[in-house]
Amino acid sequence: MQSIKFKPALKNVLLTALLASSAGLSAQAATLVFGNNGEPVSLESGNITDGISILVQHQIYDTLVHFKDGTTNTIPGLATSWKANADATSWTFNLRKGVKFHDGTPFNADAVVFNWQRFWDPKNEYGYRDQGRTYEIVGQLLGGFKGEKGSVIKDIVKVNDYTVRFDLSGSSSVLPSVVGAGYFGIASPTAVKKDGAKYGTPSSTPVGTGPFSFVSWKTGDRITLKANTDYWGTKPKVDTLVIRSIKDASQRLNELKAGTIDFTADLSPDALKDVTADKSLAAVRKPSFNVGFLSLNNSNQYLKNDKVRQAISMAINKKAIVDAFWNGLGVSSTSFLPPVLGWANSKNVPADYKYDPAAAKKMLADAGYPNGISLDLWYMPVSRPYFPNPKPIAEAMAADLSAIGIKVNLKTEDWAKYLDDRNKEPGFDMYMIGWTGDYGDPDNFYAAYYGPNAADDINFKSPELNALLDQGRAAVGQAAKAKIYAQIHEITYKAGYRIPIVHSQPLAAKRTYVQGWVPSPLGSEAFNKISIVGKK
Amino acid sequence: MAAYVLRRLLRTLLVIIGISVVVFAFVRSIPGDPAVAMLGERATPEAAARLREQLGLNQPWFINYKDPAHLFDAQYPKYVGALLHGDLGSGIKSQIPVVNELKTRFPATVELAIGAIIFALLIGLPAGIIAALRRNTVWDNLATAVSLVGVSMPVFWLGLLLSWFFAVVLGWLPPSSRLSVGYSIQPITGLDVLDGLLRGQFAAAWNAFIHLILPSVALGTIPMAITARITRNSLLEVLGQDYVRTARAKGLPPRSVTLKHALRNALLPVVTVVGLQVGALLGGAVLTETIFSWPGLGSWLYDAISLRDYPVIQGGVIFAALVVSVVNLLVDLSYAFLDPRIQYA
């Protein structure tokens, strides 16, 4: 009798299938897959301003200062402690000892100075981008670059191997929060020098001290990271972290339901019902750290009039709109600041806008327009966490305004053009936009839209407000700050150029076996504390 | 024949030069500034101006008429100069050389396009043949109805629907992407299914294949519907011709008459249409790839357009034009094989 032999090819098939399935199983048990809403721009800290990149970078890099889980309160990161001098014009950071970058090189004061110099100094050899070498976010968060008048930083000095001092051009109490922002991950100087201009692109190896180290980046598709077993903080609970890029929110939900991703964020509020109906899924509500608002332009002849602006803010039923379009995942308030920063609100301003169409109509008549007026309202063509579906929200606001006699022409245009046109003369009459915070300080919100460097979209500049913003930035301690920001709150509320509509809670979701996820309000967080419990 | 091919290639070169000028002028005249688009909500005029300067976007486009000594110190001459060295520049946002990205993105799109064409022919051809042979029956009406629905269904809607039904409800196929987590295939051609087979990674090849099905169906639906219509009409026309009647009169079996005599001649317009569909497939890939997280040319261009990433748009469009030109040439050459009467001089 002849013995039966597998043909080699067939044998290969069986063997490969067997190996693949067993390897698949053991790898899966320790692989965590996150569905990100797009692809990072770069994995070079010092090259990015977008949330998608920050999220990925946060797994690879640490910042000097971290934030307590689920809050915006600072805790030690790569710096174990920090202290200001008496007038807060200089901050000294004591660095963590014994920390190594993923490439084995030591983390120390030289590494911090190296990174911060390249962020801040446009002439630095290792600064980002081939041509100009300026890192926009430094200009925006810290007033400018080295050699510029507005720059908050005067110098960054190594005191000793584990101590670094930031000398400032004025007083600032927010500096620790700023250096903790997800943008400013500390990279290995050796790795940055080695890859040069290529550093951070898919063909390089980004090196930080973070909980995960870089394995591969398949552009347009996924980034694979592995656990850093030497991590100084909480060691990752999984072996591998895969971050997939899935742009379409409905597709992210499909992937989650199909079990091909373990957790995801930035779902549409409509998905809440779907997620709660599925027993294998759990909704994760991120703390709100944003504001979606309506901006009114002072260049418009009607909107110049305080009473018209007031009438508009009274005419829009914000609470009803938030209930209708955010599925309970948002709050409306009269403050530009999200609820976590509520301590900086004034007690003299009501918590919510008074919705009173009759009074609004009277106010409009008092302003001299008993027969009504006509205005353009521009809505965003894209979805953002603060305005997930701008068009129907704009329609609802238009309906409320037409009830008091304001005829609204709804308009929109391509996002790139929208962002451009809002700052060009004469700008938009009324338009929707928003802001998500970078770090836990009221300054980050107010300065962005009311400060001296803010956009020219509403043609409103107030020296009084600017002076208060300077004071707020310098004030040390929450009580001192609260006093100043309460005044800012009152002024901006009365002026009514920017009407806060919502502080939304972006919807995230996970498979139920994903445990230990405390989402950060800041939008960037390390996934080292997340584990897979039970069967995947 | 050789002269014909050479002439066509020269014409292709002219077309590419023309397209480079047009796309260069076109992307720069779309309102919306790359610097502002990239900064998003954070775009203050100062920050945008600074970024614009960094990116060299404040220089003139075609000629630097303000400074005659540096007449060609403008964006286009620099671009063409680099292009002649095979350098398409780097993405404004990613800083990745456009050529590098093309190398990984293009095979992904080719794989998807092949999948779509196979689906289109697999369903479209038989549907068209059945409709023609069973004219004015239920089968004919069914084929017509299916092709009508196929043409009028928006790709993104169809894509999401397919994903939801086959991945979420039935759990048969993966919802998106090219490979499951845990698999990887070292590229040879860049076509995952093929590379998996070539490397003997059969489980990975199978995984790549099942990932290919849904996007191929989404992308292939319109060509499928068109193929079915054209096949039906073309076959009906041929079946009415004298030589078919002669073949029947000779007593040849009906199957042989239809398949050997009629179908071969009826296929000529089908080939033309399938060839023309290549351009449409590249266009359709923009939405299909975006929906299915397929890392190809389409999703890459989609992002680039919304960000006004000029070098990526230029490189992608010029390359796509090249591909369409070459495919058209191949289609024209294939006529000679299908129809011996056609000769090239």
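Numbers at a glance
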read-out	value
Residue in region A:431-449 that is nearest to the other protein chains (Cβ to nearest Cβ), counting only those that are more than 13 Å from the chain's Cα centre (by Cα) and closer than 13 Å to A:Q140 by Cα	A:A448
Any hit, region A:295-302, residues being in the same structural domain as A:G342 (by the TED database) and in a strand (DSSP E or B)	yes
Pair list, Cβ < 6 Å and 6+ apart or interchain, from region A:256-281 residues that are among the polar types (S, T, N, Q) to residues that are surrounded by fewer than 17 Cβ atoms within 10 Å (Cβ to Cβ)	A:S280/A:T512
Criterion (touching a Gly at 6+ places or on another chain (Cβ under 7 Å) and either assigned to a loop (DSSP other than H, G, I, E, B) or closer than 19 Å to A:V65 by Cβ (or both)) met by exactly one of A:S151, A:S81	A:S151
Qualifying residue in region A:133-143 (condition: at pLDDT below 90, open to solvent by 10 Å² or more (accessible area, probe 1.4 Å), of a type in the set (D, E, K, R) and part of a loop (DSSP other than H, G, I, E, B))	yes
Residues of region A:168-215 that turn out to be in contact with a Pro (Cβ under 8 Å, 6 or more places away or on another chain) and either among the aromatic types (F, W, Y) or within 18 Å of A:W82 (Cβ to Cβ) (or both), as a count	3
In region A:117-130, residue surrounded by the fewest Cβ atoms within 10 Å (Cβ to Cβ) [restricted to those that are more than 11 Å from A:K146 (Cα to Cα) and within 27 Å of the chain's Cα centre (by Cα)]	A:D130
Qualifying residue in region A:383-392 (condition: modelled with pLDDT of 90 or more, open to solvent by 50 Å² or more (accessible area, probe 1.4 Å) and away from chain B (no Cβ under 13 Å))	yes
Those residues of region B:41-90 which are more than 14 Å from chain A (Cβ to nearest Cβ) and assigned to a helix (DSSP H, G or I), in sequence order	B:P68, B:A69, B:H70, B:Y76, B:P77, B:Y79, B:V80, B:G81, B:L83, B:L84
Qualifying residue in region B:67-74 (condition: in contact with a helix residue (DSSP H, G or I) (Cβ under 7 Å, 6 or more places away or on another chain) and open to solvent by less than 50 Å² (accessible area, probe 1.4 Å))	no
Answer from A:V518, A:V476 - the residue that is within 22 Å of A:P385 (Cβ to Cβ), surrounded by fewer than 16 Cβ atoms within 10 Å (Cβ to Cβ) and either in the same structural domain as A:N389 (by the TED database) or within 23 Å of the chain's Cα centre (by Cα) (or both)	A:V518
Failed condition for B:L14, given (1) surrounded by 13 or more Cβ atoms within 10 Å (Cβ to Cβ); (2) more than 14 Å from chain A (Cβ to nearest Cβ); (3) in a helix (DSSP H, G or I)	(1)
Given (1) free of Cβ contacts under 8 Å to residues at least 40 places away in the same chain; (2) more than 10 Å from chain A (Cβ to nearest Cβ); (3) surrounded by 20 or more Cβ atoms within 10 Å (Cβ to Cβ), number of the condition B:L197 does not satisfy	(3)
Residue list for region A:273-294, filter: among the small types (G, A, S), in contact with a Lys or Arg (Cβ under 7 Å, 6 or more places away or on another chain) and assigned to a loop (DSSP other than H, G, I, E, B)	A:S280
Residues within region B:287-306 that are buried (at least 22 other Cβ atoms within 10 Å of the Cβ) and either of a type outside the set (G, A, S) or more than 13 Å from the chain's Cα centre (by Cα) (or both), tallied	12
Residues (free of Cβ contacts under 8 Å to residues at least 12 places away in the same chain, within 13 Å of chain A (Cβ to nearest Cβ) and part of a helix (DSSP H, G or I)) located in region B:133-186	B:W157, B:L161, B:W164, B:F165, B:V168, B:V169
Total residues in region B:303-322, condition within 10 Å of chain A (Cβ to nearest Cβ) and part of a loop (DSSP other than H, G, I, E, B)	1
Boolean, A:D262 is surrounded by fewer than 18 Cβ atoms within 10 Å (Cβ to Cβ) and modelled with pLDDT of 90 or more	no
Which numbered condition B:A143 misses (of (1) open to solvent by less than 40 Å² (accessible area, probe 1.4 Å); (2) closer than 25 Å to A:R222 by Cβ; (3) not basic (K, R))	(2)
Qualifying residue in region B:211-219 (condition: part of a helix (DSSP H, G or I), without any contact (Cβ under 8 Å) to a residue 60 or more places away in the chain, within 15 Å of B:F119 (Cα to Cα) and in the same structural domain as B:S163 (by TED's automatic domain parsing))	yes
Search result, residues across region A:56-67 that are among the aromatic types (F, W, Y) and open to solvent by less than 20 Å² (accessible area, probe 1.4 Å)	A:Y61
Residue in region B:92-109 that is crowded, with 16+ Cβ neighbours inside 10 Å, among the aliphatic types (A, V, I, L, M) and in a loop (DSSP other than H, G, I, E, B) present	yes
Search result, residues across region A:100-116 that are assigned to a loop (DSSP other than H, G, I, E, B) and over 27 Å from the mean Cα position of the chain (by Cα)	A:D103, A:G104, A:T105, A:N108
B:K78, sole failed condition from (1) at pLDDT below 90; (2) open to solvent by less than 80 Å² (accessible area, probe 1.4 Å)	(2)
Boolean, A:K218 is over 18 Å from A:L78 (Cβ atoms), free of Cβ contacts under 8 Å to residues at least 60 places away in the same chain, more than 14 Å from chain B (Cβ to nearest Cβ) and open to solvent by 10 Å² or more (accessible area, probe 1.4 Å)	no
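Per-residue answers, yes or no, for (1) open to solvent by less than 40 Å² (accessible area, probe 1.4 Å); (2) in contact with a helix residue (DSSP H, G or I) (Cβ under 7 Å, 6 or more places away or on another chain):
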residue	(1), (2)
A:G35	yes, yes
A:T49	yes, yes
A:I54	yes, no
A:D69	no, no
A:I75	no, no
A:A79	yes, no
A:W91	yes, yes
A:H102	no, no
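The values are calculated or read from the model by the stated rules, or taken from the named source; none is laboratory data. Since this is a predicted model, take the numbers as computed values, not measurements. Positions of Cβ are generated from backbone atoms using ideal geometry, with glycine treated the same way; all protein chains shown enter the neighbour counts. Note: accessible area is taken over every heavy atom of the protein model, side chains too, but ligands, DNA and RNA are not part of it. Shrake-Rupley method; radii C 1.70, N 1.55, O 1.52, S 1.80 Å.
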